[in-house]
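K.L.:
Got a structure here, written out as structure tokens. Questions coming.
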Amino acid sequence: PRTLDPESLEDYLTLGVVAGTRTIFRGIEKLALGHTLLVDADHWDALPRCYWRLEFAPDHSRSAGEWAGAVRAKLDEAVERHLIADVPVGAFLSGGIDSTVITALAAGKTAEPIQTFSIGFGDERLSELPDARRTAEMYGTRHVEEIVTADAAELSSRPTRPSCSTSCAGTTTSRSPIRRRFRRCWSRGWQPST
């Protein structure tokens, strides 16, 4: 019989995620990131194998300017590929560097203004809405903002795999303008329940 792992349950209730290879059930583990699992059917041995490891070795083959150009080219390519779609494409705009760069590049590649969405909080100290709003104005996007509250009824729709990221909270609420316009959460094809 399955039994709950109290430490994992505490992590889930506190952080919204069970990190690493642990699961909420004792004796059941997730496969570690960057690993595959090979099962030998003759002996039922299962050995996880790391297929990828992030290396932090500096590459001095290019100058800083060449690296900046290469990163810009890859960002351009990635944004351009994501703009090819048979459904409306929008950007989740937090006001941070990464979403601002994506919005700026996308806005420069479309004839019509792109749609941007931002989630904020009632407490101004926690909200990035002013930064997101400035970015939206700078690039002429059709911008939608929503304030997330702790309304339990709105938080009833959750992803099947817990995440400690608060950035998706407002996209799963039943009355969210983001959810009404774009039914799919773009992160790994997760489909919010209706």
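K.L.:
Report, ordered by the first and then the second residue, all pairs with beta carbons closer than 6 Å, sequence separation of six or more or different chains, a first member in the stretch 115-141 that is touching a residue at least 40 places away in the same chain (Cβ under 8 Å), and a second member that is part of a loop (DSSP other than H, G, I, E, B) and β-branched (Val, Ile, Thr).
P.N.:
If the second residue must be part of a loop (DSSP other than H, G, I, E, B) and β-branched (Val, Ile, Thr), the pairs left are 141/114.
K.L.:
Output the number of residues of the stretch 32-47 satisfying the condition of being within 21 Å of the chain's Cα centre (by Cα) and small (Gly, Ala, Ser).
P.N.:
Result for the stretch 32-47: 2.
K.L.:
Go over the candidates 66, 80, 10, 29 one by one and state the one that is loosely packed, with under 11 Cβ neighbours inside 10 Å and either free of Cβ contacts under 8 Å to residues at least 60 places away in the same chain or within 26 Å of the chain's Cα centre (by Cα) (or both).
P.N.:
Details: 80 fails: loosely packed, with under 11 Cβ neighbours inside 10 Å; 10 fails: loosely packed, with under 11 Cβ neighbours inside 10 Å; 29 fails: loosely packed, with under 11 Cβ neighbours inside 10 Å.
On inspection, the qualifying residue turns out to be 66.
K.L.:
Continuing with the same structure: Identify, by number, the condition in (1) closer than 30 Å to residue 133 by Cβ; (2) of a type in the set (Phe, Trp, Tyr); (3) exposed (fewer than 10 other Cβ atoms within 10 Å of the Cβ) that residue 51 doesn't meet.
P.N.:
That leaves (1) as the condition not met.
K.L.:
Follow-up question, since we're still on this one. Filtering the stretch 85-144 down to residues that are exposed (fewer than 12 other Cβ atoms within 10 Å of the Cβ) and hydrophobic (A, V, I, L, M, F, W, C), which residue is farthest from residue 73 (Cα to Cα)?
P.N.:
Residue satisfying both the conditions and the ranking: 126.
Readers should treat all values here as calculations from the given coordinates under stated rules, not as data from a laboratory. Here the structure is a predicted model, which means the values were calculated and not measured. So basically every Cβ, Gly included, is an ideal-geometry build from the backbone, and we count neighbours across all protein chains shown.
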